[in-house]
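These notes are about the structure you will find just below.
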Amino acid sequence: MLSFHSRVGEAEAMAVAVRLTAARLAGDDPEAFPPAPHVWSAWLCGEYAPAHRRQVLEEFARDFLAEQDADGHPAPPR
């Protein structure tokens, strides 16, 4: 999931909340939810150096693309 926020603080808070929520859900029902380390989140703002923004976006794209099958469809959950 990629989301946009009008305030940097909201983006940062969501990135933290995603990781915490993933850990809680996986702990509550490990059969239904992926382990927390398999859930990635980060936030960016325009004040970051272009190289850092590129690195984070490439990491996002790499993880996203790795989760697809050969036809480009979402791979089944692990």
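Charges were assigned to the Cβ only: +1 to each Lys and Arg, -1 to each Asp and Glu. The resulting dipole of region 8-66 about its Cα centre is roughly 180 debye.
At 0.36 nm per residue, and after removing the present C-alpha to C-alpha distance, how many nm does the segment from Ala49 to Ala17 gain when stretched out fully?
In short, 9.1 nm is gained.
Just so you know, all these numbers are worked out from the coordinates, no wet-lab data involved. Remember, predicted model here, so these are calculated numbers, not experimental data. For neighbour counting, all protein chains shown are included, and Cβ atoms are generated from backbone atoms with ideal geometry for every residue, glycine included.
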